[in-house]
Every structure is written in C-alpha cells, then in structure tokens.
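So the structure is just underneath, and the comments pick up after that.
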Amino acid sequence: MELLSPKSGNRAGYLFVAPYLLHLLLFFGYPLLFAVVLVFNRWDIVTPMEFVGLKNFGRMIHDDLFFRAILNTGLFLVIHIPLQIIVALFFAELLNSKLKGRTFFRTVYFLPVVVSGVVVTILFQQLFAFDTGFINNVLSALGGERVPWLVSPQWAMPSIALMATWKNAGLYVILFLAGLQNIPASLYEVSDIEGAGTWRKWWHITLPMLNPTVVTVVLLSTIGGFSLFIEPYVLTGGGPLNSTLSGLLYIYNQAFYFNHMGYAAALGLCFALIILGVVLLQRRFVETDVY
Amino acid sequence: MMAAHRRNILLALQGACVLLIASCDPAPPVEVMGEGDVVHLTYWCAQNPQERALATQLVETWNAANPDVQVQVQPLPAGQSSEEVLIAAIVAGTTPDLSSNIWPGIISDFIRADGVYPLSSFPDFDSLMMSRVPADLLARFRAPDGIYYQIPWKTNPIMLLYNQQLFREAGIEQLPRTYSEFMAAAARLTRDLDGDGHMDQWAGYRRTHPIWHERRFDYYALYIGASGGKTLFDEGQVRIDTAASTKVFSFFRDVYAHHYFPLTTFQTSPILSGKVATEFTGPWQIGWLDENAPPGFEYGFTPLPVPDDYEGPAYTFGDYKNIVIFSNTRHPEEAWRFAKFLVSREADLQLLETTKQIPVRQGLLTDSLYAGFFARNPKVRPFAEVALYTRGEDGVSSLQEILDAIAQQFEAAAVYRVYSPEEATRRALARIRLIHEWNS
Amino acid sequence: MKKIFAYSALVLGTVVFAYPFVWMLMASFKPELEIGALNPLPSRWTWDSFALVFTAIPIGRAFLNSVLVTVTVTASALIFGSMAAYALAKLQWRGRDVVFNLILFTMMVPFLVMLIPLYTLVVGFGWTDSPAGLIVPFMMNATAVLILRQSFVTIPQDILDAARIDGCGEGRILFSVVWPLSVPALVTAGIIVFIGNWNEVLWPLVVIRSEHWMTMPQMVTLFAVGGGAEGKLGPQLAAALLLGVPVIGAYLFFQRHFISSLASTGLKG
C-alpha cells in the first residue's frame, strides 16, 4: 500500500538527495573534469596553464620511475595479499569456536586497524631500524644475523608489506569470522555423515563458501596497496634505490616538491586506470559463483 | 546550497581564478605619505627561537630610532617549509613587506610569479652591496635579467664537526684535510666496542633516504670544495665539473664500501650519543649542542675534506638566507630603509651574538667591532673564516628536482654501489639537462 | 590438546598485535638513552619526552583542530548521508537508480585522480590553511550512504506509512522514526567516517601549510619526519602515542557495536 503520492514522493526524494548531489557535482564532478583537462596541460600554480597536448603522456612512457612505482606496488600486493589471507583466516578459524575470551582477542587484534598509519609507521621505524632497532636487537641477542629491513632494495618493500599485514590483520579476521559464521552448519553435517575428514571439509566447503569474503579481502587489500603513501614517505623516502616508491608518493613528489601539476594529474589518471584494470581482473579470476 | 546560476559562474571562473591572481599587476600604487604619517611595515622572520629573538631585538632598536616607520615582526607561519608558505602568500596576495628567511633557490619562482621587488633599482644599492659583499659572491645572486631581487644576508657554511674525545681515543693527532687522510681517520674511528662482531661506532653518518635536500650537506658541499668553488650552473647553462663530481661520488662510495658510515636511519642524534665521531654541519649546531650535549662533550670544527690533489682555498656549501622586499609592498622606500638597517654593521653583530650564524660581510675577522664576539666564541671563528668561500645553490627553477636527481645517483653509486662514480656523474648530468629542458 | 594449541596461538597473536603498542607506551616514559634497550620497562618513569612534545609543537591545538574537523565531517556525513540514503531506500522518484549507481561509481574512482584538481579547487576558494579546506570536500561520504541505505531498506514500510497517516512530513519521519531504528547502522557509518577522517594525513599535508590549522596526524608526521624532535626518539614515540590514544579510546568505547555491525554489513560491500 503506497501512501505516498508519486508527486510528493518525487519532490521529497529530490529534496533529500539534493545536498548530496550538489556536493558530488562540485567536489567530484568538477575535479574529475578538471583532471581530464589538466592532464593535457603544464601547470605550476604560480604561472598560467600551458597547453601541451599529449606531452605528459609522452613523458610518462619514458619515465622509468613511473614503471618502477607500478612494479613496486605489484611486489607489495603479491606478498601482502596471500600473507594477509593466511594470517587472517588462521586467526578467524581459531576464534570461530567456543573458546573463552574471544571478545578480548578480537578487540586486541583490531587495535592496529583503528590506529593511524602514522603511529604504526613511527613505531615500525624503530622496530625495523638496522643498527638500533628492536627486532634486530632481539635477533642479535638470540645469536642471529641483523636483517637490513629498510636499507636493502630487496628487503624494503617486503618489510612494508609485513607492516601492512600486521596493521590490517584484525579487520580481515573480523570479516573472515563473519564469513565462517555464515556457512550453514548443515553443510558440515552432511559431509560428516559422508565421513569426510577435516581437511576435505575445509577444502570443499569452507573455502568455496568463503569466496565472497576472500574477494572482499583481496579487493580491499589491493586498494590499500595502491594507496600506500605515509609508509614510504616516513620510512624510506621512496628508497632504497626507488624500491619503495609508491604511485601516490611519486605523484606527491611531482606535484608538491617539483610543481608539475599537469604531469602529476596525468600520472594519477594512469594509476587509476591501472587500479581499475587490476580490480576487474581480480573479480574475473578470484570470484566464483556461490549458491 | 548554491544557486545554479552562481555555481556556473564559479565553475567558469575557477580555472581563471588563479590565473587572474598570478597575472595581477604586481605593483600596487605607492602610498604618498604626508608629513607626520606613520608608515607601518610587516616583516617576516624565520620560525626558530634564535631568529625570532634576533628579529625582535632589531625591530625594537629600529622602532625606537625611527618613529615615522614602525615595523611589526611576525615569524613565518610555521609549516612544512617556508618556501611553500611564501609561494602561497604570493599567490594569495598576502605577503608582508619584507622577509629575511628567503632561500635563494626559490627566488626564480618568486620572480616568475612577479612577487619580488627589484632591489637594484634603488640608487644606493650598489654602494651598499660593495661595502659588504665581495663582488664575485654578489654576482651569484643576480637574476638572469641582470636585476638583483635579493640581498645576501647570512650564511651557514658547512664544515666537519668532530668529537674531540673520540678522535683522541682513536689516536688521531692531525685533523684530516684530504680524502685519504679522512679515510685513514675513519678506519680508526669505526670500531666494534663490545666485541659482538658488529660495529657500534662509526666515523660519520648521512641519512641515505633519497630526499633532495639531504644531499646539500654531503655531495653538494664536497663538490663545491672539490671544484674550487663551482656550482652546477654557469650563466643559466648546465656546467658541472665532472671530474670533481666523480671524485665526490668516489669518496662516498669508499666510505660506504668500508662501512665507515652506517646504513641505517637513526631516529636520535648519533653525534650526541657518541655513535658517530663526525658530522657535516653548520654553525647553528653550536647553540643546539650547548643546550643538548651531555656534560663533557668536547667538539671542534675543521674544513671539509678535499681531493688529495687539490690545491687552493677551501670552498664549501653555504646555506644562505637572504632578504627580499615583496612587490606587493605599499612602501618600497621605507622597506628599503629597514632592509639597509638589517644589514648594517651593528645589526650584523647582533646576528652573530644572538644566532651564531654568519653575516655575509667581508672583513668580519678584521673589523674591531666583532673582535669581542669572536674572542668569546672561538668555535664560530672557523665559520667566519670560510664564510666568503662559500657557494649557495644556483637560482634556477626546478632546483629541487635537480637535487633530487643527484640524490638518486648518490644512492645508486655511493650507498648501494650499483654502478661506478663516473657513471653516476654521467647520469646525473643527463638527467639535469633533461629537467632543465623540460622546465624552461 | 587442540585447545592448548589454539590458546597459545591466540596468545601469541595478542603479543604480536599488542606488544608494539605496549612497547611504545613504555618507551615514551623512558629516559632517552634507554629506548633502544631490550628491557621494556623504564628504569625510571619520566615525562621528559612528553614535555618536549608539548613545548615543541602545538599538539593540543592540533588535537582540537582534528576534533573540530572530524566531528563536523562525521555529523555532516550522517545527516546528509541519511537524507540521501532515505531517499534512495524508501522514497520513489525518477532517477533513483541512476543516482545510486552514480554514488557507487564515485567510490571506484581513486582519490589519486581527484587529488590535484581538488587541491586547485580548494585554492581557488581560498580555503587553504583553513578548516573549510579540510571539512567541506568531505562533508558527504558514499560509504556512509551505502551502509545507511542498506539498513533503511530493512525498515518495514508499515511503520513509515503509519507516520505519514499521522501527518508527519518526510523530514520528521527520517529523524524521529527511522533514525532511532537504525542506531547500529548509524554508529557503524559514524565510526567508519570518524576513524577514516581522523587518520587522514595526505590531504591535510597538501592543503594546510600553517601550523595553526594542522591536524593531529599531520603534525605528528611532520614532527617525526622533520627535525622537530631534536633528534630524540622518545618525543616521537610520545607524540605517536598521543595521536593514537583518542582513537583507541573511542574504539574501546564503541567496539561492541562496531565489530558486530561490521561483521554483518561488511560482506555485502
């Protein structure tokens, strides 16, 4: 029974959504248009814009740092995503039981998630320091070798991936927990009757049913990976040897250290397209139908 | 909520807005003052406590002696970097009348934005400058159009700070002058104190993050020394002394190959905690050490090392801060009077006393006015001796990007030793040419 | 047996996830030279590091700035967001689906693309170095709209119709009827917006140059990366601790709501 006449429904609808739409137009639509314009120009804010056509893209093709940033992000994702899934799933499984103190553990694991990236970065700068850092001190005390976490081109990005996994694990534990709890118990009961072992149950029931959660986790981690900024900014400045230069950091440098606004906008657009491509590919290959 | 009408106009004007501001007539009408009218000037000084104290003292002295021109001093709005704050002020039209915290590297951007006043148009500019600054040094601050937009005010020469006790313990009797002597000293200064097979003390330390401004105090300072006072550009053209550059990259390469400098990020001051024996730094460090060093910390300064085959006076990098008058000023004549006061003999003495930084003035060590100060502050002497042998950065646009290119090569050739110093110089030169081309 | 394994794994997890914070807490009270030592406990507890933070940077001011900005942004996102969500969930009007898809689309475009143009827009409005630059571009939040819409959809039509029969206008219905029924969603959306905005560092770094208007994460970042800490680690850790405490406090206060509603709404994202 519709008590709302179409006309007044329309009016109310438009009225209520109007502030949002206006804001969207001004702070999303306009910048998007401006971004498209900016990529064809050269601009440093203090002097007028100069139309340069496709020059920014020409420069991008020859810019090895641009490709490096893409590669670095790829390396980050390749390490971070599987690690994240394994760690989060592991703890989610543990918490998906009748153990006492579950709420306490859940709360503690979620702590790094809410805290600012800045806090985590400052913390890990000390933990990862080569000569005076906590982790290396412990390793050294145990008789091991000191690890060049942030001062080796091979170790730097993996170190950041490790840090990111630590920071976000709690969030994905919660998501996996919810996913696990949504699996109907009946499925397990049926397979119990058929005599399936733990491993088989896990592989054939749990994992497939968790697919939507896995997709979400992969999606969020990917977007997080492309948003890396404060970590390289504070920890490494993009080094060593540009191994931790992320897309955002490179764009920030170009725009705000060197005042290449047009080029930075072009970089931003390209990275956005790459993200879109990666996400679409992931959905295609990772997502399966779950009934 | 905006009416659609106003929004459209706003959108249309958006892109032109900054353009309008930037192309605004930079010379607002000069106020004609009547007799007895008081002129009010605003003057921005640097944020740090010593310079604020200095500025307050100078302004008080001036205001008492010049009732017709009253100056109000404000520290530059603190932020990420004073350069960004100043550019933002120029774009927004909110500049003060003058400021004394101007990094020469940003002047070209100011000039392009029509933000600064041509100082050489004042009739007594030349005579004032000649009495204070040597001609060859002054010429480096001239803009490409032949006009001077800045007055060199003070400089912080970079020298080698050394921990006297650590040097004694290592048995170093003579201060190292050349690269080889430095290497020999460094070998003795890098020690494993607790026998765990891992070094605990090093000869020196540089932050190895490839940030553009880090390299000013190591590569660039030593390059100026090794090239006998040359910078990266000459008359607006890229002109690098490649031999000198290669020697400097080589020097640092050896330092890192022997692990005389640690490859880590210290979050605390390593010189204070005795982890390193030397540091490349300037006179500002004196005040800081006096405040923060543990009791019994003895230190001295010596010139930066030079290549073994180098002959001639020791040149180094001077971190200059200069004075500009902004083009937005309504009282250029009065601002110029105040600026002249800021670089007078007495003001320079005040600068020394309050901040221990070096005014750009010839004859500092022979002028009796300053004798008392240097007698009481012997540690500042070496800086005054070298002050006129310093070079700053070239006033080209995109200087940050150029220094960034050098930082990249430094990291690759010296710290991680991926390719040779010659290769590093070659690549740096190529990239600098490219950057210069892109941006002019 | 399995239980012992499970518990030890969980405890190990707790150590891994919580110890760094504990270490940071201890270290900020330690005398500077002890911070690198393995022993987490200070030999003597000192406020020196905190004292330096408060004298070196106006962190109290930064805290207030963050509070001002984030509370305003959150309130705005919830109010205008629920208006939009209500229109999308419960009202019929032409173009409803188009707008919904448009909102979804805005979530896909990464901030990367918008950063520079948004910055120039803010410069054009003269909002650099002012709270307007931090607040206005973020007054609306698509995630909040999505969460609220999802919750509003589940409200039975009858309740709304009853209110209409009583003569309530849509506005009153939204704030007097729908809101009380949607507290979990409001809390969830509110927390997500709040935490996201509080922790945001890149945008303030770009838009605010003057210390007077810096947000807390921004100020702590510059304190740590720039030289403000006078080469001491203790103050950096102290500043980071100060930055984390409000959020951790708010989180602990709201966590039951938050985690449970995140779990139920999270999957549909």
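Taking a ≥ b ≥ c as the square roots of the Cα gyration tensor eigenvalues, with a/c under 1.5 meaning rounded and otherwise prolate when a/b beats b/c, else oblate, which class fits the range B:230-285?
Taking the square roots of the gyration eigenvalues as a ≥ b ≥ c, the range B:230-285 is oblate.
Compare the Cα positions of B:Phe374, B:Gln408, B:Val116 along the charge dipole of chain B (+1 at Cβ of Lys, Arg; -1 at Cβ of Asp, Glu; about the Cα centre) and return the one farthest towards the positive end.
Value: B:Gln408.
Going down the table (B:Lys275/B:Lys379; B:Lys230/B:Lys275; B:Lys230/B:Lys340; B:Lys356/C:Lys232; B:Lys247/B:Lys275; B:Lys247/C:Lys232), which pairs top 25 Å between alpha carbons?
B:Lys230/B:Lys275; B:Lys230/B:Lys340; B:Lys247/B:Lys275; B:Lys247/C:Lys232
State which helices in chain A qualify, where a helix is a whole DSSP H run, it must extend 15 Å or more along its own axis by its Cα atoms, and its mean Kyte-Doolittle hydropathy must be at least 1.0.
A:64-95, A:117-128, A:156-181, A:211-226, A:261-286
With +1 assigned to the C-beta of every Lys and Arg and -1 to the C-beta of every Asp and Glu, and no other charges, what is the dipole magnitude of the range A:65-285 about the Cα centre in debye, to the nearest 20?
Value, rounded to 20: 240 debye.
With a ≥ b ≥ c the root eigenvalues of the C-alpha gyration tensor of the range C:1-120, is it rounded (a/c under 1.5), prolate (a/b larger than b/c) or oblate?
Judged from the Cα gyration tensor, the range C:1-120 comes out oblate (a/c at least 1.5, b/c at or above a/b).
Looking at chain A, identify the longest residue range that excludes and avoids all GluC sites (Glu not before Pro) in DSSP loops having at most 11 other Cβ atoms within 10 Å.
The longest such stretch corresponds to A:3-144.
Using a Förster distance of 45 angstrom, determine the FRET efficiency expected from the C-beta separation of B:His258 and B:Asp290, and round it to 0.05.
According to the calculation, E is roughly 0.90.
Rg(Cα) of the range C:1-46 divided by 2.2 N^0.38 Å?
Against the compact-globule rule of thumb, the ratio is 1.54.
How much of the DSSP bridge set in the protein assembly as shown is antiparallel, in percent, rounded to the nearest 5?
Around 65 percent of the beta bridges assigned by DSSP in the protein assembly as shown are antiparallel ones.
On a straight-distance basis, which aspartates and glutamates could pair with C:Lys3 in a cross-link, Cα separation under 13 angstrom, same-chain partners fewer than 8 positions away excluded?
Cross-link targets: A:Glu93.
Rank-order B:138-147, C:246-255, B:223-232, A:30-39 by packing density, defined as the average count of other C-beta atoms within 10 Å over each peptide's residues, highest first.
Descending mean neighbour count gives B:223-232, A:30-39, C:246-255, B:138-147.
Straight-line reach from B:Lys154: which aspartates and glutamates fall under 19 Å, measuring Cα to Cα and dropping same-chain residues less than 8 apart?
Cross-link targets: B:Glu51, B:Glu83, B:Asp126, B:Asp136, B:Asp319, B:Glu346, B:Asp348, B:Glu353, B:Asp367, B:Glu385, B:Glu393, B:Asp394.
For the pairing of chain B with chain A, what total accessible surface becomes buried, with a 1.4 angstrom probe, in square angstrom to the nearest 100?
3400 Å²
Starting from the Cα of C:Lys2, draw a straight line to each of the lysines and keep only those under 16 Å, dropping any in the same chain fewer than 8 residues away.
Cα-Cα hits under 16 Å: A:Lys98, A:Lys100.
Could you work out the helix-only [θ] at 222 nm for the protein assembly as shown, with each DSSP H run of four or more residues adding -39,500 (n - 2.57) and the total divided by the number of residues, to the nearest 500 deg cm²/dmol?
Calculated at 222 nm, the ellipticity per residue is -18000 deg cm²/dmol.
Quick check: at a probe of 1.4 Å, how many percent of the accessible area of chain C sits on carbon and sulfur atoms?
The nonpolar share, carbon plus sulfur, comes to 70 percent.
Run a plain Debye calculation on chain C (Cα atoms as equal point scatterers, no solvent) and give log10 I(q)/I(0) at q = 0.08, 0.11 Å⁻¹, rounded to two decimals, same order as the q list.
-0.46, -0.80
How many Å² of accessible area per residue for the range A:196-256, probe 1.4 Å?
On a per-residue basis, the range A:196-256 sits at 30 Å².
Counting only GluC sites (Glu not before Pro) that sit in a DSSP loop (anything but H, G, I, E, B) with at most 10 other Cβ atoms within 10 Å, what is the longest stretch of chain B containing none of them?
It works out to B:36-172.
Measure nothing but the geometry: give the 0 to 90° angle between the long axis through the Cα atoms of C:111-125 and the longest principal axis through the Cα atoms of chain C, rounded to 10°.
Relative to chain C, helix C:111-125 is tipped by roughly 90 degrees.
So if I take the centroid of the Cα atoms in the range A:187-208 and the same for the range B:248-263, what is the distance between those two points in Å?
60 Å
Given B:Thr355, B:Ala339, C:Phe21, which one lies farthest toward the positive end of the charge dipole of the protein assembly as shown, if we put +1 on the Cβ of every Lys and Arg and -1 on the Cβ of every Asp and Glu?
Of the candidates, C:Phe21 comes out farthest on the positive side.
Pop out the carbon and sulfur fraction of the accessible area of the range A:65-285 as a percent, whole number, probe 1.4 Å.
Here carbon and sulfur together make up 68 percent of the probe-accessible area.
Work out the charge dipole of chain C with +1 on the Cβ of Lys and Arg and -1 on the Cβ of Asp and Glu about the Cα centre, then indicate which of C:Ala132, C:Trp93, C:Ile248 is farthest towards its positive end.
C:Trp93
Report the accessible area of B:Arg376, computed with a 1.4 Å probe over the heavy atoms of all protein chains in place, in Å² rounded to the nearest 10.
Surface accessible to solvent at B:Arg376 totals approximately 150 Å².
With a probe of 1.4 Å, find how much accessible area chain B has per residue, and write the answer as a whole number in Å².
About 41 Å² of surface per residue is accessible.
With springs only between Cα atoms under 10 Å, which of A:Val87, A:Val151, A:Val108 fluctuates most in a Gaussian network model of chain A?
A:Val108
Hey, could you grab the Kirkwood Rh for chain B? Inverse mean 1/r over distinct alpha carbon pairs, Å, one decimal.
With all distinct Cα pairs of chain B included, I get 23.6 Å.
Report the percentage of all Cα-Cα pairs in the range B:255-408 whose separation exceeds 25 Å, rounded to a whole percent.
The calculated P(r) of the range B:255-408 puts 49 percent of pairs beyond 25 Å.
Picking from C:Ser130, C:Ser49, C:Ser176, which is most flexible by a Gaussian network model of chain C using Cα springs under 10 Å?
Per the Cα network of chain C with a 10 Å cutoff, C:Ser176 tops the list.
Under a crude label model (7 Å from the Cα following the beta-carbon direction), how far is B:Glu311 from B:Gln165 in nanometres?
Modelled inter-label distance: 4.2 nm.
Under the rule a/c < 1.5 gives rounded, and otherwise a/b versus b/c splits prolate from oblate, where does the range C:123-179 land using the Cα gyration tensor?
Prolate shape, in that a/c is at least 1.5 and a/b is the bigger ratio.
B:Tyr320's amide H: which non-local residues (gap 5+, or another chain) put their own amide H closer than 5 Å, with H modeled 1.01 Å from N in plane and none for Pro or chain starts?
B:Asn156, B:Glu393
Please report, as a whole percent, how much of the solvent-accessible surface of chain B comes from carbon and sulfur atoms (probe radius 1.4 Å).
Ligands and nucleic acids excluded, carbon and sulfur reach 52 percent.
Treat every Asp and Glu Cβ in the range B:359-440 as -1 and every Lys and Arg Cβ as +1, leave all other atoms uncharged, and give the resulting dipole magnitude about the Cα centre to the nearest 20 debye.
For this selection, approximately 320 debye.
Distance from the Cα centre of the range B:371-440 to that of the range C:103-118, in angstrom?
Cα centroid to Cα centroid, the span is 39 Å.
Size of the dipole of the protein assembly as shown about the Cα centre, Lys and Arg at +1 and Asp and Glu at -1 on the beta carbon, nothing else charged, in debye to 20?
Charge dipole of the protein assembly as shown: 3020 debye, to the nearest 20.
The values are calculated or read from the model by the stated rules, or taken from the named source; none is laboratory data. Please read all numbers here as calculations on a predicted model, not as lab measurements. All Cβ positions, even for glycine, are placed from backbone atoms using ideal geometry, and neighbour counts span all protein chains on display. Ligands, DNA and RNA are excluded from the accessible area calculation, which covers all protein heavy atoms including side chains. Shrake-Rupley method; radii C 1.70, N 1.55, O 1.52, S 1.80 Å.
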